[in-house]
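The values are calculated or read from the model by the stated rules, or taken from the named source; none is laboratory data. Just so we're clear, the structure is a prediction, and the values are computed from it rather than from any experiment. Glycine also receives a Cβ, built like all others from the backbone with ideal geometry; neighbour counts cover every protein chain displayed. Areas reflect the complete protein model, heavy atoms only, side chains present, ligands, DNA and RNA absent. Shrake-Rupley method; radii C 1.70, N 1.55, O 1.52, S 1.80 Å.
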Amino acid sequence: MKKFFWPINLITLKKIDSTNQYARKYILKKQNWIIIWTMNQTQGIGMRKNLWHTEKEKITFSIVFKPIQTLYVKKIYVMNIVISNAIHKTLSECYNQKNKEKIWIKWPNDIIINNQKVCGILIESCIFSQKIHTIIIGVGLNVNQKKFQKEWNASSLKEIFHLNFDLDYLFYKIIYFFQKEYLFFTIYGEKFIRKYYIDYLYLKNQVSIFYIYKTNSYISGVIRSITDQGFLVIEYNKKFYFFMEKEIEFFIS
């Protein structure tokens, strides 16, 4: 029997174009914790509307979630932290117990191991009166794939950990840790979960190259933290600058 903090409503599909698109039909439903899970996603959409195709060796799902505590629009970043921390903890505690590999959270919500992306997350929200009514969290985790195009700069858990993964077990573990992390947020607050996120922030305190869309320019700066509204804090020329999503792009060597 699967143990969770709140009961889930699981919908499994053999094939779907996008779990996030499919999940939208449940936005106005009264049920909470509706999860759409498929092994074959044909037209998933990632950040910047990039198409995202799923192989059978990958875990792809979307969670339709209604915040139990009031969550205002300016705090939507909290859900980035909750799901990112949950996946990071799942991989760290279940598969990387001896810390042989460094697992990082790339702002705002990718999971990076060995400078390669293994997990992407897309969050959509439904808003009423500046409050978030419903959130759709889409997750794509590379598990057993062996082939990647070089330009993707991606890898899989199997390639990194050299283990055989049970997709069902891993999926349910992620849901468990997601609920647990959200519970921590409701009990201990935003600062508590943000600290863990910042502790494992990818490229923190390292000189890195970034592209700034507003000025159409590159800078060499250092990630220092994130703010209490989820902005990325970068130190550049002894000054601190704050960036929202889609304002900046990382360059990984």
* Asked: Expressed in nm to one decimal, what extension gain is obtained for the pair Leu167 and Gln229 from 0.36 nm per residue of sequence separation less their Cα-Cα distance?
  -> 18.9 nm
* To do: In whole Å, largest first, what are the principal axis extents of the Cα atoms in the range 174-216?
  => 41, 21, 20
* Structure fact -> Burial-style ranking of 177-186, 88-97, average other-beta-carbon count within 10 Å with highest first, yields 177-186, 88-97
* What is the gain in length, in nm to one decimal, between Glu151 and Phe240 on full extension, counting 0.36 nm per residue of separation less the C-alpha to C-alpha distance? -> 28.9 nm
* Within the range 201-232, chymotrypsin sites (Phe, Trp or Tyr not before Pro) in DSSP loop having at most 15 other beta-carbon neighbours inside 10 Å -> Tyr213
* For labels at Leu10 and Leu183 in the simple 7 Å Cα→Cβ model, what's the distance in nm? -> 1.8 nm
* Reachable aspartates and glutamates, given that their alpha-carbon falls under 13 Å from the alpha-carbon of Lys66 and they are not under 8 places away in the same chain -> Glu124
* Ranked from highest to lowest mean number of other Cβ atoms within 10 Å per residue, what is the order of the peptides 221-228, 106-113? -> 106-113, 221-228
* Which aspartates and glutamates have a Cα lying under 13 Å from the Cα of Lys191, excluding residues fewer than 8 positions away in the same chain? -> Glu181, Asp199, Asp228
* In deg cm²/dmol and to the nearest 500, what is the mean residue ellipticity at 222 nm of the chain if only DSSP H runs of at least 4 residues count, each as -39500 (n - 2.57), divided by the residue total? -> -7500 deg cm²/dmol
* To do: Keeping every protein chain in place, order Ile198, Ile81 by accessible area at 1.4 Å, biggest value first, i.e. largest first.
  => Ile198, Ile81
* **Pair-distance profile P(r), taking every C-alpha pair of the range 117-249, with 10 angstrom steps and integer %** => 9, 28, 36, 24, 3
* Structure fact -> Rounded to the nearest 5, the percent of antiparallel DSSP beta bridges in the range 144-253 equals 95 percent
* Structure fact -> Excluding near-sequence neighbours (fewer than 8 apart on one chain), the range 113-173 holds lysine pairs with C-alpha atoms under 22 Å apart numbering 9
* Please give every one of the aspartates and glutamates within straight-line cross-link reach of Lys204, meaning a C-alpha to C-alpha distance under 12 Å, and leave out same-chain neighbours fewer than 8 residues apart. => Glu235
* For the range 164-236, compute Rh as the Kirkwood radius over C-alpha pairs and then the Stokes-Einstein diffusion coefficient at 20 °C and 1.002 mPa s; write the answer in µm²/s, rounded to an integer. => 144 µm²/s
* Asked: Using a simple spin-label model with points 7 Å from Cα along the Cα→Cβ vector, what separation in nm is obtained for Glu190 and Glu101?
  -> 3.3 nm
